[in-house]
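Right, I'll just put the structure down here and ask away after.
No lab work stands behind these numbers, since they all come straight from the coordinates. Please read all numbers here as calculations on a predicted model, not as lab measurements. For neighbour counting, all protein chains shown are included, and Cβ atoms are generated from backbone atoms with ideal geometry for every residue, glycine included.
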Amino acid sequence: MLLENLAFPEVEAYLKEKNVILIPVGSVEQHSPYGLIGTDFIAAECIARETGKRMGIMVAPTLAYGISPHHMAFSGSATLMPETLILVVGDIVKSFLSHGFRRIFFINGHGGNVNSIETGLQRLKADNYPGIFGMISWYDYPEMVDIGRELFDGKEGSHATPSEVAVTRCLRPKEFGTKATIELEIEKPEHHWPLSAEEMRQFFPDGRMGSAPWLATESKGKMVIERSVDALEKKLRKIIAMPLADSSKVQK
Ligand code: NI
């Protein structure tokens, strides 16, 4: 159930039954010559929407942009500043709370967003906003570590990973005719963190970080999506079953 395709009476009818909403969030950043600049939001959107369909819960429009300052020396990347995302997270959650949503989860596709999303949610709790909020990264369950080992020989790395590239190959196969496919060395240089844009390009000149994106295929992408949707569903069912605190006792 996609929020963007509904009219407001349909949202009101949904809210009589349920109060859950998923918000996919990604990044607009280079994913090496092997992957799409939209990789992170395309993957998060697909996994959130598949899970929403399976569970009969609403999915909000995708927040495509994220925190990518270290990718700015690669053309096409665009970044929010951490403070911006913290505020955007707060504004989106407050908007949905005002209509009666009470279980609000960001389905994240980009590691760089984690701190800001969590800070945004902590901020809301510090201000006593009622509800259960969360951020779940689709690639970050124990099941996904297993799949990295099974399908990609443990060569996931941490950026332009074969898992995420496989997901996008499965979803947008026509876009890969012009992308790199050759096998390269996997280098894992010692580096500090965080990195500036220039440092990132010096340490990781082709934009990969210890990954083997040439191992990505459409069929493996399908398996990654299925496995991630299974894991996300399991996790969400647990969190959704938690009781809400009595909101009459908290100051909004
Ligand atoms: Ni990514």
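Does the range 123-137 hold any residues that are in a helix (DSSP H, G or I) and in contact with a strand residue (DSSP E or B) (Cβ under 9 Å, 6 or more places away or on another chain), and which are they? Can you show your working first?
First, the residues of the range 123-137 that are in a helix (DSSP H, G or I): 123-126.
Scanning the range 123-137 gives LEU124, LYS125.
Could you check, for the range 82-98, whether at least one of its residues is surrounded by fewer than 21 Cβ atoms within 10 Å (Cβ to Cβ), within 16 Å of the ligand (Cβ to nearest atom) and within 24 Å of SER228 (Cβ to Cβ)?
No, every residue in the range 82-98 fails to be surrounded by fewer than 21 Cβ atoms within 10 Å (Cβ to Cβ), within 16 Å of the ligand (Cβ to nearest atom) and within 24 Å of SER228 (Cβ to Cβ).
Can you tell me which residue is nearest to PHE74 (Cα to Cα) among those in the range 157-166 that are more than 10 Å from the ligand (Cβ to nearest atom) and buried (at least 24 other Cβ atoms within 10 Å of the Cβ)?
Quick first cut of the range 157-166, residues more than 10 Å from the ligand (Cβ to nearest atom) only: 157, 162, 166.
From what's left, buried (at least 24 other Cβ atoms within 10 Å of the Cβ): 162, 166.
Values: PRO162: 20, ALA166: 21 Å.
Among those that are more than 10 Å from the ligand (Cβ to nearest atom) and buried (at least 24 other Cβ atoms within 10 Å of the Cβ), it is PRO162.
Which residue pairs have Cβ atoms under 7 Å apart, sit 6 or more places apart or on different chains, and have a first residue in the range 133-162 that is closer than 14 Å to ALA43 by Cβ and a second that is among the β-branched types (Val, Ile, Thr) and buried (at least 22 other Cβ atoms within 10 Å of the Cβ)?
ILE136/ILE107; TRP138/ILE47; TRP138/ILE107; ILE147/VAL224
Go through (1) under 21 Å from ALA43 (Cβ atoms); (2) in a helix (DSSP H, G or I); (3) touching a residue at least 60 places away in the same chain (Cβ under 8 Å) one by one and return the number of the condition GLU199 breaks.
(1)
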